[in-house]
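See below for the structure under consideration.
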Amino acid sequence: MARAEEDRSSYEVCKETADWLRARTAQHPKTAIICGSGLGDLADVLEKKAVFPYEDIPHFPRSTVAGHAGRLVFGELSGQPCVCMQGRFHCYEGYSGSTVTFPIRVFSLLGVEVLITTNAAGGLNHHFQVGDIMFIRDHISMFGLGGQNPLRGPNDERLGVRFPCMSDAYDPDLLSLAMESAQELGFQSFVHAGVYCMLAGPSYETIAESRVLQALGADAAGMSTVPEVIVARHCGLRVLGLSLITNRAATSYSSPEEASHEAVLRVSVARAEALCRLLARLTARLGESPRAPRPQPLTFI
Ligand SMILES: O=P(O)(O)O[C@@H]1C[C@H](O)[C@@H](CO)O1
């Protein structure tokens, strides 16, 4: 029988973990990066690394999904202090919203100001190709609309307000900076901005469900990210979200597309280098002070 899940929703538990980490690393990360399925290589490019397996960190949950190594990596990216989650937690693993988002609160207590969250997602927008990158402009959470909000339960004001605004969930300045970074790297032909839709998972969508999601205005479908973003905004972090389109969601009964996690991981691993370059460029731009003036606004599909 499964053991009862530890309650990680309290400020004290988050602080205990943050204090434990602070005592073991001299790094003071301002940016946290969550590596999506198969995107763990993003953490390997950090310099001056300090690595903590999740099982060594007090109160940290365990990664159970292939392509999520389960290590917290502190280090520098483009000279900027960062912390990377090599492996995230998903609600479909059986974890509660407060467990899935526990690291975000720990990061906030460590002084992190910006969250960059990445994921693998199925493309719903007809213009998207496998291997494309979508910056998340907004989200729809089928999970959240169904009542599964990670902030459900008593609210501790030390962590954030009871009713956080979500119309500004994805920071427009970070989005512009990310688009500029993509343009500087010559990536504009395969970079878009769009709406990410979170499903509970772990089963992929049916054809009828994919059609509904398209009609709702979703550009990509996945099984993560939204709880992290809600909690990040709750504790005042600025957020950039990024989806790697690892497959195209099937929307026709005659379509050959069949989603599989193996194919998702294959595409993620193949595109990890491009993502690393993009995040390195973006992080360098984030470190520039004062913020460089923006070029002409860019239009992405
Ligand atoms: O952690 P992410 O959102 O990148 O992982 C996606 C969603 C599922 O966990 C898995 C399905 O293939 O990939």
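The values are calculated or read from the model by the stated rules, or taken from the named source; none is laboratory data. Keep in mind that what you see is a predicted model, and the values were worked out from it rather than measured. Cβ atoms come from the backbone with ideal geometry, glycine included; neighbour counts cover every protein chain shown. When the accessible area is computed, the model is the full protein with side chains, heavy atoms only, and any ligands, DNA or RNA have been set aside. Shrake-Rupley method; radii C 1.70, N 1.55, O 1.52, S 1.80 Å.
Structure data summary
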| read-out | value |
| --- | --- |
| For segment 48-59, Karplus couplings with θ = phi - 60° (6.51, -1.76, 1.60), whole Hz, Gly/Pro x | 6, 6, 10, 10, 10, x, 4, 5, 8, 9, x, 6 |
| Inter-label distance, nm, simple model (7 Å from Cα along the C-beta direction), His127/Tyr11 | 4.5 |
| Accessible area per residue, Å², the chain with all protein chains present, probe 1.4 Å | 44 |
| Highest-first arrangement of 104-110, 233-239, where packing means the average Cβ count within 10 Å | 104-110, 233-239 |
| R0 of 35 Å, Cβ-Cβ distance Leu145-Lys48: FRET efficiency to nearest 0.05 | 0.25 |
| Carbon + sulfur, % of accessible area of the chain - ligands and nucleic acids excluded, 1.4 Å | 52 |
| Zone residues, segment 137-153, relative to Ser167, backbone N less than 20 Å from point 7 Å out along Cα-to-Cβ | 137-141, 145 |
| Between segment 89-123 and segment 160-218, the Cα center-to-center distance that results, in Å | 16 |
| Separation in nanometres of the label points that stand 7 Å from Cα toward Cβ, at Ser252 and Arg22 | 5.7 |
| Choice from Leu242, Leu199, Leu185 showing the highest fluctuation, given a GNM over the chain with Cα pairs closer than 10 Å | Leu185 |
